[in-house]
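These notes are about the structure you will find just below.
The values are calculated or read from the model by the stated rules, or taken from the named source; none is laboratory data. Everything numeric in this text was worked out from a predicted model, so none of it was measured. Quick reminder, even Gly has a Cβ in these numbers, built from the backbone with ideal geometry, and neighbours come from all protein chains shown. These accessible areas exclude ligands, DNA and RNA; they are computed on the full protein's heavy atoms, side chains included. Shrake-Rupley method; radii C 1.70, N 1.55, O 1.52, S 1.80 Å.
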Amino acid sequence: MIFHPTILALLIGSALSSVMVLAGAAFGVRVLRRWDIASGRHGQLVLERRTYLFSVLLAFVMVAELLSLLLFVFNADRMSAQFVGAMCAVGTLNANAFGFPALILKIAVFFLASVWLIVNHVDNMGYDYPLIRVKYAMLIVIAPVVLAAAGVQAAYFLDLDPEVITSCCGKLFTQDATGVSAELAGLDEKAALVLLFGSLALAGVVAAVHARTGQGGMLYGAVSVLVFVAAIAGIVSVVSLYVYEHPNHHCPFCLLKPEYGYFGYWLYVPLFAGTVLGMGGGPIAVFAGAPSLAEIAPRVSRRLVTTSMVCLTGFGAACAYAILSSGLILFGT
Amino acid sequence: MAMSDTIGKAGAAGVLFALGVAGVAWTALDVRLRADEAAIRQGERARLARVLELTDLALFTEARYTRHVSQSDLHSAFQDHPMSLDHFPSGSLIGARRIHPGAGSIIGEQP
Amino acid sequence: MTVWLRRQKRLIDYTVASLLRRAARNFALLAVYTLIVFVLATVMLFTHALRQEAMVLLDGAPEITVQRISMGRHDLIPASYVDAIADIRGARDVRGRLWGYFYDTANGANYTLMVPDGDRYGAAPDVGETVAGAGVARSRGVVPGKYLFLLSPRAKLFKLKLKDVLDADSEIVTTDLVLMAESDFRAFFDVAPDVHTDIVLKVRNPREVAKVAEKISNALPDCRVVTRGDILRTYDSVFNWREGILLALLGGAIFAFVIFAWEKASGLSAEERREIGILKAVGWETSDVIKMKMWEGAVVSLGAFLTGYVLAYIHVFYFSAGLLEPVLKGWAVLYPRFELTPQVDGVQVATLLFFTVAPYIAATLVPIWRAAITDPDAVMR
């Protein structure tokens, strides 16, 4: 199994990332302990020079991690043909105990890496390394997650046995089963819809206030997390039904298949982009406290929050389109 | 050089890059354009394979275990005696096979 | 935004000019890089297309094939086994098949001699006739209407009239076939009338294939049962495994290339060091130099990737991967001429990108940084 080209690429990629992140975290510890911009010591000079290297290196790792999540999901979907009982990515991920943990960890890395990239971007705009401590403190938090994701992913692929008969999404995402997936599938349709569009509306209001006054950046960050949770719940419990035009098919992965016109990408790409920009972009406004960012941070924050809201609106529109154009009628009209 | 003077070297690089992207786009388009005809011909091949009840690709005709990969028995790579190792070049292009206990069948999968 | 764009444009302007100034050296790097992408992309496109071809063509293979094993070898199966299998519930159209291998001393090729099922194959040859694959006809230089002479294993010369040649488009599965009538086949190989090569059958309900296969191997313990699923999985994994092994081997080439790129990026000539020193002296910042060098890497790697990939596509789908032919052909005399159905898969392109561009960028990052932190006075003194 391990000699599958995409698996090889994923394993090599995560191994490279792990090494680089570890080196970055070690450097981060030194920055947190020794960094003193006012000092003219040789050590400080070396540190300053190194930050250029690690800034580029880590940006590279983070971008690679974003792509690797995409490739991971793609590949899980593609490999479902090789497993008896699998019909979409769910079957492949369910083939052993490490599949779903690997996916969840990779999504976590995706979010952390994106937020880190945003902070890094803002930091590079200030002339006096204003966010250097924040950046490397974050990196020390991210490093274990990246390592865990790489480890669990390796365990998943190494343990993958084509002889295992796995279960398909129909078994996992039903009201009758147990677990989080079943809870989501069993959610009341009306409540889920209200939650979904309600959270989107709330995000819109906060974004408007933020654009007008520059206040509420932190709040927007929190709201975008709420939107993400509500959106996933909404997709599993209601939106998927409309896309499949089937009252009991709740799978959030089959959406990515060509049979449904790759509709999932119209949902997930704007949702993930919007969430990430919100999570990173909103709280960025706080850094206006640093003198060199006093003008930059609010400007970047406003731009990111606006972009985030555009993405989330796109996501909402895609959901609405799915519901309105569907042949399925869930609520009496 | 006149071109690079007017639109700049970045422009020239951009044109080359656009050519490359156009090349990749062309491959995707080519797949679409040839798809219909190719599907018909492939369907015809599949029909012939079905009526003749063929079980294997005729890619490697040099040895019986490479000609009929899915039909060959476990020992055919060691045709003459246990120490006669696989010596046909295409034998190295086909993965060794493994018995799955209980399944009663053989799958060419590496552990 | 326009300021940002103009800045990047200037950086690219500068990068391209500096690449062109050392055209010969950079061209060598670009050529090696393109070649690596080309080889990797050829392997990936070719195996993917072959795998897909196998999946489509073998989807019509018999649902179950039963062969008798004796002393670890495929043995002839008695006709009585046909009746034994026909008694099993769910099995239908049970039929003994006759096929075998034949080494043709005239040209050193191996053929697959086969008796087609007259009910399924309309153009089945009569006694004294044959229908041959295009590879056989080509290598023996026979045309329909003429005679194909085969020296049987019992040293008897058989004269078969070539009735037809199988569609050349299907060579990938039929190139070495020689179809003949049952009586001819039995006479040719001197096979007893009450035995077959193997037995094929259909299963009424596709869900019951595994059940029927199990019943057969219980009833006939000296037989091996091959289901259609086994055949498809065999081919799927054969190609996956082969592709993976080839990529792992080519990993050595990638690694060598990475070292080459690292060397090239870190072994700055005195002239380049001077150049960076001057840039910094005139006000470029370290991050600008890094950006410029990153653009350089992007131009080289994207250029190599796009060129290599497009060339590989043309090679595989317009020239049937001709450069791989000697490898695939081995010592065989017959090799099918085939045109693969063009296939491009996004996951594959992404994987290829990952395999080729990521190592290059990773290898050049540190040297780029080393170059960028150069002190202006250190080089200009």
request  = Can you work out which of the residues in the stretch C:211-246 that are among the basic types (Lys, Arg) and away from chain A (no Cβ under 14 Å) is least open to solvent (accessible area, probe 1.4 Å)?
outcome  = C:Arg224
key: Residue match in the stretch C:174-190 (condition: open to solvent by less than 10 Å² (accessible area, probe 1.4 Å), modelled with pLDDT under 85 and facing another protein chain (nearest Cβ under 7 Å))   = no
query = Scanning for something open to solvent by less than 60 Å² (accessible area, probe 1.4 Å), part of a helix (DSSP H, G or I) and closer than 24 Å to C:Leu353 by Cβ, does the stretch A:38-49 turn up at least one residue?
reply = no
query = Does the stretch A:98-108 hold any residues that are open to solvent by 20 Å² or more (accessible area, probe 1.4 Å) and touching a residue at least 40 places away in the same chain (Cβ under 8 Å), and which are they?
reply = A:Phe98, A:Pro101, A:Leu105, A:Ala108
query = Which one is surrounded by the most Cβ atoms within 10 Å (Cβ to Cβ), of the residues in the stretch A:76-93 that are of a type in the set (Gly, Ala, Ser) and assigned to a helix (DSSP H, G or I)?
reply = A:Gly91
request  = Please go through the stretch C:315-348 and pick out each residue that is among the hydrophobic types (A, V, I, L, M, F, W, C) and over 16 Å from the mean Cα position of the chain (by Cα).
outcome  = C:Trp331, C:Ala332, C:Val333, C:Leu334, C:Val347
query = Do you know which residues across the stretch B:26-58 are open to solvent by 60 Å² or more (accessible area, probe 1.4 Å) and more than 7 Å from every other protein chain (Cβ to nearest Cβ)?
reply = B:Trp26, B:Leu29, B:Arg32, B:Leu33, B:Asp36, B:Glu37, B:Ile40, B:Arg47
message = List the helices (runs of 4 or more DSSP H) inside the stretch C:1-97, counting only whole elements, that have at least 3 residues being touching a helix residue (DSSP H, G or I) at 6+ places or on another chain (Cβ under 7 Å) and open to solvent by 20 Å² or more (accessible area, probe 1.4 Å).
response = C:2-21, C:23-57
note = Only one of C:Asp93, C:Asp75 is over 28 Å from the mean Cα position of the chain (by Cα), acidic (Asp, Glu) and more than 25 Å from B:Leu48 (Cβ to Cβ), namely C:Asp75
message = Given the criterion on the phi < 0 side of the Ramachandran plot, touching a residue at least 24 places away in the same chain (Cβ under 8 Å) and assigned by TED's automatic domain parsing to the domain that holds C:Asp198, identify the matching residue among C:Arg120, C:Arg95, C:Arg51, C:Arg73.
response = C:Arg95
ask   = Mind checking which residues of the stretch C:98-118 are small (Gly, Ala, Ser) and open to solvent by less than 30 Å² (accessible area, probe 1.4 Å)?
value = C:Gly100, C:Gly108, C:Ala109
task = Could you grab me the full set of residues in the stretch C:247-292 that are open to solvent by 60 Å² or more (accessible area, probe 1.4 Å) and within 10 Å of chain A (Cβ to nearest Cβ)?
result = C:Glu285, C:Lys291
request  = Look at C:Ala358 and say whether it is in the same structural domain as C:Asp375 (by TED's automatic domain parsing) and open to solvent by 20 Å² or more (accessible area, probe 1.4 Å).
outcome  = yes
Where C:Glu208 falls short, out of the listed (1) open to solvent by less than 10 Å² (accessible area, probe 1.4 Å); (2) away from chain A (no Cβ under 14 Å); (3) not aliphatic (A, V, I, L, M) = (1)
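A quick yes/no check of all residues on (1) more than 23 Å from A:Ala320 (Cβ to Cβ); (2) assigned to a helix (DSSP H, G or I); (3) open to solvent by 10 Å² or more (accessible area, probe 1.4 Å); (4) touching a Pro at 6+ places or on another chain (Cβ under 9 Å):
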position	(1), (2), (3), (4)
A:Leu184	no, yes, yes, yes
A:Lys190	no, yes, yes, no
A:Gly198	no, yes, yes, no
A:Val206	no, yes, yes, no
A:Gln215	yes, no, yes, no
A:Met218	yes, yes, yes, yes
A:Ser224	no, yes, no, no
A:Val229	no, yes, yes, no
A:Ile232	no, yes, yes, yes
request  = Name the residue, out of C:Gly141, C:Gly128, C:Gly135, that is touching a residue at least 24 places away in the same chain (Cβ under 8 Å) and at positive phi.
outcome  = C:Gly128
